[in-house]
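What follows is a single structure, written as structure tokens, with notes after it.
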Amino acid sequence: MPKQTPWERIKNFEEVALGYPIETAVEEASRCLQCKKPFCNQGCPVGIDIPGFIKCIVEGDIASGVKKIKETNALPAICGRVCPQEEQCEKMCVVGKKGDPLSIGRLERFVADWEAAQGKIEVPDMAPKTGKKVAIVGAGPAGVTVANDLIILGHDVTIFEALHECGGVLMYGIPEFRLPKRIVNREVEYVRSLGVKIYTDFVVGKTRTVDQLLKEFDAIFVGSGAGLPWFMEIPGENLNGVFSANEYLTRVNLMKGFRFPEYDTPVKRPSRVAVVGGGNVAMDSARTAIRLGADEVHLVYRRSRTELPARIEEVENAEEEGVIFDLLTLPVRLIGDERGWIKEMECLRMELGEPDSSGRRKPIPVEGSNFIVPFDAAVIAIGNSPNPLIPMTTPGLEISKKGGIVTSAETGQTSRPNIWAGGDIVRGAATVISAMGDGRIAAASIHKHLMNKE
Amino acid sequence: MAYKIIERRMIVPNLHEFIVEAPAVAESVKPGNFVIVRPDEHGERIPLSVADWDRTAGTVTSIFMQVGGSTAKLARLKPGNTIPTYVGPLGKETVIQNFGAVLCLGGCYGIGSIYPIARALKEAGNKVYSVLEARSSFLLYWEDKFHKVSDKVFIITRDGTRGKKGHIGQIPEMLQQAGIVPNLTIVNGCTFQMMRMSQITKPLGWKTIVNMNPIMIDGTGMCGVCRLSVGGKMKFACVDGPDFDGHEIDWEEFLARRKSYNPEEVDPLRHSSCRSHF
Ligand SMILES: Cc1cc2nc3c(=O)[nH]c(=O)nc-3n(C[C@H](O)[C@H](O)[C@H](O)COP(=O)(O)OP(=O)(O)OC[C@H]3O[C@@H](n4cnc5c(N)ncnc54)[C@H](O)[C@@H]3O)c2cc1C
Ligand SMILES: Cc1cc2nc3c(=O)[nH]c(=O)nc-3n(C[C@H](O)[C@H](O)[C@H](O)COP(=O)(O)OP(=O)(O)OC[C@H]3O[C@@H](n4cnc5c(N)ncnc54)[C@H](O)[C@@H]3O)c2cc1C
Ligand code: SF4
Ligand code: SF4
Ligand code: FES
């Protein structure tokens, strides 16, 4: 897929991948074998009819392709961009056994962008109104999916969102250069156009509790996502210039700090940045730091390149943009100056031992290998716990040891009647599509429950 | 969304009373909570403590001090204007029980935010001793409101233009003379005042609750910027607080963290732009 060149893109926040022109899309789609028993579908957590929509592209009937995808996925422009396709649908594609699998994600993106370019969005057939009311906590991918499915089934749906904008991580976490915010807004507006009511600036648990909402609504879905960032629990993490990835990315994305002082929220523009972690969040932080003009950005990760949990495409993008990978390196201490600002990071070299419970080789510190590197900022991107607010304010809800809401995998139901949950609040940090998959399951279960109860 | 400004007026130099129509917040707000406000579409999210509310009218009151860009924008608002974000009530409310005798110390905007705390404590059956502290008499406000909810109101001014001349260091002596030993001390105000009072009460063994005011963004336990060290543990003021035990806080770290964005936000205010005219 065409991309902005690295030397161009490190100077802007525009999208890196430019999308297929129609000829390329048709050509790529033509490689599909239209398998009788397609495996690709099984790799998709929301079960898109993949050969179905690809066939539409081959036949040049993109509009029908859109319709096919939207039967099961309300957010194709987003999934086509950020799904870890190589681990999901594309991993299962039979063509991939001998060569490159079909670029399913890119085709999905193509179809969604084509529809947006037409300027008119098809509205699906809506079931007659049921009179049942459902409240949704959080306008992230999980909540938006549930809202989409239930409004189509005829229920009255209201989303309560804590922030001033909808989209969850899509809005505050994933950077503009990977997922333009106008696309997120477009998808949210689509769901609103179906009749979903959305209240922003509404913190469930605080503005009103789940139990108060239950007096007014027949069912509640909690999709409140990930919360408090983890830190390494090493000395110096509260020094100035040390950020959680969530803070760093929220300042830039949601609050548009990269346009300070036009926008009021400031963001630091340090010259030597350490990003600690190896997942998508770490890549996003490192690439953001590059765009904010850092001279050197180091990604500090305790295992080796093969274990990096980030999507390979994003690792390559980061490398192209000049991010320096300090692999097999473990920070043990952050050192401050006399005014309380970070100035150095002390690290240990690691080597790989036997595989651990996650199946990855365990990093072991090399005794006495300590070394000190100067940095004027550090971004900690080692994960989050589930958002604490709903668990803290909803008595009787069963909570896992890690702080997530416990649900039944088949239905998304929680330990309390009339309350469902899904996405990162259940799984901890996971993926957009798994949050949406949870949303679909919960929506189906809520629908069944509401229609049986008279 | 859009929230209507009912009132915004300077009640004493540089401190503004700020009343906003926000029925959902007014319905559930409790003493010790705060709200997050964005003055306009390009604005920053800034936290303000609540100082009063009217559940029937659906309005919430805060007192804010004009310090930087965002509060300057707020200070320009007029009744009838709207702001795009007003979310709350956030944070855990102040614990209200019958403790016996409670000392409520307020300074700066904290005179406002400690008022509903004093009122609730009084309703819970406590003896309430309110201390209002300011540099000078013209910086005091809401004295009459405090008289209604307190067993006794003490005033301290740095220049002695009203009440006792001096500073909060004299509070223990003042209370001793009045024969008062508080079972609990609560402080709302600027960081320095909360720190000083915690240092004063520690050797006396007076349990002291402070209402912390770190930099915040979301206020829902997502971004981690509001972290502070309490009793050697990392806490997040927006969900674990903002009330904490003042004797357990790492104040030095806290003061440094609050200054994180001074180079971007505060320093430019100190440079005059007159030179650009030459
Ligand atoms: C930087 C970053 C990059 C990522 N990159 C990828 C990627 O490339 N591919 C991928 O698949 N996944 C990626 N992820 C993970 C993915 O974004 C999440 O798994 C997904 O967004 C989870 O969706 P969710 O709906 O469960 O929660 P969220 O997206 O977290 O949304 C939750 C929403 O609920 C709101 N909320 C919280 N509490 C309350 C409350 N009490 N009341 C009202 N509203 C509330 C929040 O404000 C938020 O808007 C990334 C995550 C991050 C942080
Ligand atoms: C829980 C809580 C309750 C608060 N209650 C009140 C209140 O009732 N009245 C009141 O006047 N102020 C209150 N504050 C402080 C208020 O939020 C800041 O004064 C305001 O954000 C400053 O914004 P500014 O753009 O005008 O100033 P800036 O130019 O941003 O900064 C001026 C100074 O304020 C500090 N500051 C900057 N941003 C924040 C922030 N988000 N939170 C805290 N401090 C910050 C900076 O370190 C700097 O020293 C409260 C803060 C918290 C966390
Ligand atoms: S939603 Fe994700 S997993 Fe499903 S087909 Fe699209 S890219 Fe593949
Ligand atoms: S497995 Fe691959 S080739 Fe077969 S239908 Fe799916 S995308 Fe087409
Ligand atoms: S303000 Fe973001 S976690 Fe507290």
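Readers should treat all values here as calculations from the given coordinates under stated rules, not as data from a laboratory. Predicted, not measured: the structure shown is a model, and the values here were computed from it. Virtual Cβ from ideal backbone geometry, glycine too; neighbours counted across all protein chains shown.
Checking every one of the trypsin sites (Lys or Arg not before Pro) in region A:71-117 against DSSP loop status and a limit of 12 other Cβ atoms within 10 Å picks out A:Lys98.
Order of B:225-238, A:392-405 by packing, highest average Cβ count within 10 Å first?
B:225-238, A:392-405
The angle between the Cα long axis of helix A:280-291 and the longest principal axis of the Cα atoms of chain A comes to about 60 degrees, rounded to the nearest 10.
In plain terms, if you count all Cα to Cα distances in region A:371-453 and split them into 5 Å steps from zero, the share in each step is 3, 14, 21, 20, 15, 8, 6, 4, 4, 3, 1, 1, 0 percent. Note on region B:101-259: Lys pairs 8 or more places apart or on different chains, Cα atoms under 23 Å apart, count 23. This ranking places A:Ile324, B:Ile180 by how few other beta-carbon atoms lie within 10 Å of each, fewest first, which gives A:Ile324, B:Ile180. For chain A, the longest principal axis of the C-alpha atoms and the axis of helix A:104-118 are separated by about 60°. Take each residue of peptide A:243-250, count the partner chain Cβ atoms within 10 Å of its Cβ, and average: the result is 5.
Note on region A:196-273 and region A:380-436: Cα centroid distance 17 Å, given to the nearest whole angstrom. Counting lysine pairs in region A:6-118 that sit 8 or more residues apart in sequence, or on different chains, and whose Cα atoms lie under 27 Å apart gives 24. Using only Cα positions of the protein assembly as shown, each an equal point scatterer, no hydration layer, compute I(q)/I(0) via Debye at q = 0.05 Å⁻¹ and quote the log10 values to two decimals. Debye output, listed in q order: -0.27.
Mean sequence separation of contacting Cα pairs (under 8 Å, at least six apart), scaled by the length of region B:3-90, corresponds to a relative contact order of 41 percent. Taking all Cα pairs closer than 8 Å and separated by 6 or more residues, the relative contact order of chain A comes to 15 percent. Remark: relative contact order (region A:6-118) = 30 percent; criterion is Cα-Cα distance under 8 angstrom and separation of 6 or more residues.
Inter-chain Cβ neighbour count for B:74-84, averaged per residue, equals 0 (cutoff 10 Å, partner chain atoms only).
Here the spin labels are modelled as points 7 Å beyond Cα on the Cα-Cβ line, and at A:Ile22 and B:Lys4 they lie 5.1 nm apart. Secondary structure note: in region A:231-382, about 50% of the DSSP beta bridges are antiparallel.
Just to be sure I understand: of the beta bridges DSSP finds with both ends in chain B, what percent are antiparallel, rounded to 5? The antiparallel proportion sits near 60 percent. For A:Glu59 and A:Val123, a Förster radius of 22 Å and the Cβ-Cβ distance give a FRET efficiency of 0.40, rounded to the nearest 0.05. Per-residue ellipticity at 222 nm computed for the protein assembly as shown from its helices equals -8500 deg cm²/dmol, with DSSP H segments shorter than 4 residues left out and the rest contributing -39,500 (n - 2.57). Taking other C-beta atoms within 10 Å as the exposure proxy, B:Cys190, A:Cys32 rank B:Cys190, A:Cys32 from fewest upward. In this simple spin-label model, placing a label point 7 Å from the Cα along the Cα-to-Cβ direction at both A:Glu316 and A:Gln34 gives a separation of 3.0 nm.
If you line up the long axis of helix B:191-201 against the longest principal axis of chain B, both from Cα atoms, how many degrees apart are they, to the nearest 10? The two axes meet at around 10 degrees.
Averaged over the residues of A:202-210, the number of partner chain Cβ atoms lying within 10 Å of the residue Cβ comes to 5. Here, P(r) means the percent of Cα pairs in each 5 Å bin from 0 to the largest distance; for region A:3-77 it is 3, 14, 19, 19, 17, 11, 10, 6, 1, 0. Counting beta carbons within 10 Å around each of A:Leu213, A:Leu327 and listing the fewest first gives the order A:Leu327, A:Leu213. Cα-based values for region B:3-90, radius of gyration first and Dmax second, are 11.6, 33 Å.
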